[in-house]
Structures are given as structure tokens and as C-alpha cells.
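Trainee: Below are the C-alpha cells for one structure; questions will follow.
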Amino acid sequence: MKIVVAIKQVPVRDSELRIASTGKWIEEADLVYEANEPDAYALEAALQLKELHGGETIVLSAGPPRALQTIREALAKGADRAIHIEEDLGALDPLASARLLAAAVRTEAPDLVLTGLQSDDLGYGQTGVILAELLGLPHSTIVMQVEVREGGIRIRRELENGWYRYVDMPLPALLAIQSGFGKLRYPTLMGIKKARTREIRRLTAADLGVAVESASVVIERAYVPERSKRAQLIAGSPREAAERLVEKLRFEARVL
């Protein structure tokens, strides 16, 4: 089974973020980057399937040169080879990003394409499903389990309130993996050594025959949410205080 895993590099979750001078995005110069968490679970899903059924796992990542660090970490965990599209996704929307990824996926003709459910930085949650549409593949999202069966796969999707849904799908297909798919593995020392010699195919949009268009979704302003603290003391008897509290929660806070 040939599996392509799309991985995005994002700022480390506990980074101290500052707004850039343009006011439209964060200052990226001093940030430390890592693999997007849902994408890391997509890689884990691919590696588990390879261990059970054999085949090849290919990491696909688009981004500036610093994305190579995340690519090599994925190779150290057990991916067989990688494709690096040397384009900065920061200026692209999900549709433009998906077009780049789709062009690279077509060169591999995989049995399965895995993405994370959404990115930790922008959180659109759209790139995976748009990619499936561009490739003409059946797809499913919020996937927590994948079982290979004769003629296809059976997946388990997470629903609300602890419910799950099982879906039978043909191959090839695309799945958007939910965080929590198994336990993430760490690179081993042997894996780190092997990663140095594994193939990383470098491509540009021009190599893929894709015209990089201006984004149709534009961030006009980025800002840090204002922090405000306000306490109210409710006087009266316990019954009166409880009634006023319920009224405030219902009509002011709108949480009831």
C-alpha cells in the first residue's frame, strides 16, 4: 500500500506570538516550528498501516526551506521518502495550497492520502477536503481508526457526545485524521541516522505546472484578544442570589 501523508509546519504551540508590523499576521522571525499536531497523527496512522500491511509511506510538505526540519523528523519516525514543494503557504489560501499538493500527489498515484483534520495556525480545516475533490477521491474527515479490508477500508469517524460512525470506503481514498489516532512515536537514533540518506524530492510550483495565484481568502487584520477581568458581587439571600445569577447567565452571558 502506497500512502502519501501531507504535513504542514507550524509555530510551536506555546510560542509567544507578536503581531507583525503589517498588522496582518504574526512576526515569524524568532519563532520555533514543529509539525502540525493533526498531521503528526496522520503520519502515525500511515506508519501503523505500513507496519500491518507493508508498502511505502511518502511525506508531502509545502513550505519554505525551514520545512525540511519537519520533513526529516517524519523520515526519522519511519517514512520512506519525502516530497518538498518549495513554496511559502503563508500567502496561499486552502484552495491554492490544495492545488499544489494535488499536482504532487498525482505524480505518485497512491492508494491512500492522509492529511490532518486542520492546521494549528489557521485552522481552516478545508485543505484536505478540497484536495480530495481536486483528485476525484472519496474522502472522510474526523477519522479515528482505519482498517484495511478486501476491496477497500473501513474507517471510524468521531461524532458528538462520544458517538462514532463506521464507514466502508473504496481505495484510493483521502482521509483527514483527527488528533488522538494512536500514540505518537518518537524518532529513534537509528531512524535519525537513516533519515539523512532518505530521498527528499524538491519541487516548485513551476515544476508541477501550477500557477501560484493570489489568495482568494485574505487576512485583513491580526490582533491579540483583549484580556478583561470583571467580578460581580450578588447581594441578597441565597435564593435571591441564585435567581439573579441564573438570570445573568441566561441573558447576559448566554450560557444557559
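The values are calculated or read from the model by the stated rules, or taken from the named source; none is laboratory data. Keep in mind it's a predicted model, so treat the numbers as computed, not measured. Glycine also receives a Cβ, built like all others from the backbone with ideal geometry; neighbour counts cover every protein chain displayed.
Trainee: Looking only at the stretch 46-62, decide whether some residue is in a loop (DSSP other than H, G, I, E, B), over 13 Å from the mean Cα position of the chain (by Cα) and either surrounded by 22 or more Cβ atoms within 10 Å (Cβ to Cβ) or among the aliphatic types (A, V, I, L, M) (or both).
Mentor: No: the stretch 46-62 contains no residue that is in a loop (DSSP other than H, G, I, E, B), over 13 Å from the mean Cα position of the chain (by Cα) and either surrounded by 22 or more Cβ atoms within 10 Å (Cβ to Cβ) or among the aliphatic types (A, V, I, L, M) (or both).
Trainee: Could you please let me know if ALA109 is outside any helix (DSSP H, G or I), out of contact with any helix residue (DSSP H, G or I) (no Cβ under 8 Å at 6 or more places or on another chain), farther than 21 Å from LYS183 by Cα and hydrophobic (A, V, I, L, M, F, W, C)?
Mentor: On the way: outside any helix (DSSP H, G or I): yes; out of contact with any helix residue (DSSP H, G or I) (no Cβ under 8 Å at 6 or more places or on another chain): yes; farther than 21 Å from LYS183 by Cα: yes; hydrophobic (A, V, I, L, M, F, W, C): yes.
The answer is yes for ALA109.
Trainee: Inspect all residues belonging to the stretch 154-174 and state whether any of them is in contact with a helix residue (DSSP H, G or I) (Cβ under 8 Å, 6 or more places away or on another chain) and either without any contact (Cβ under 8 Å) to a residue 60 or more places away in the chain or closer than 30 Å to PRO65 by Cβ (or both).
Mentor: Yes, the stretch 154-174 has at least one match.
Trainee: Which numbered condition in (1) surrounded by fewer than 17 Cβ atoms within 10 Å (Cβ to Cβ); (2) modelled with pLDDT of 95 or more; (3) not hydrophobic (A, V, I, L, M, F, W, C); (4) not in a helix (DSSP H, G or I) is the only one that GLU133 fails?
Mentor: Answer for GLU133: the failing condition is (4).
Trainee: Would you check if TYR223 is assigned to a loop (DSSP other than H, G, I, E, B), exposed (fewer than 10 other Cβ atoms within 10 Å of the Cβ) and at pLDDT 90 or above? Give the derivation first.
Mentor: Details: assigned to a loop (DSSP other than H, G, I, E, B): yes; exposed (fewer than 10 other Cβ atoms within 10 Å of the Cβ): yes; at pLDDT 90 or above: no.
For TYR223, the condition - assigned to a loop (DSSP other than H, G, I, E, B), exposed (fewer than 10 other Cβ atoms within 10 Å of the Cβ) and at pLDDT 90 or above - is not met.
Trainee: Have a look at GLY152, GLY180 and point out the one that is among the small types (Gly, Ala, Ser), at pLDDT below 90 and surrounded by 11 or more Cβ atoms within 10 Å (Cβ to Cβ). Break it down stepwise before answering.
Mentor: Values: GLY152 fails: at pLDDT below 90.
None of the other options fit; the residue is GLY180.
Trainee: Select from the stretch 110-128 the residues that are modelled with pLDDT of 95 or more and either more than 10 Å from the chain's Cα centre (by Cα) or among the β-branched types (Val, Ile, Thr) (or both) and write down the one among them that is farthest from LEU89 (Cα to Cα).
Mentor: Taking the candidates together, the pick is ASP111.
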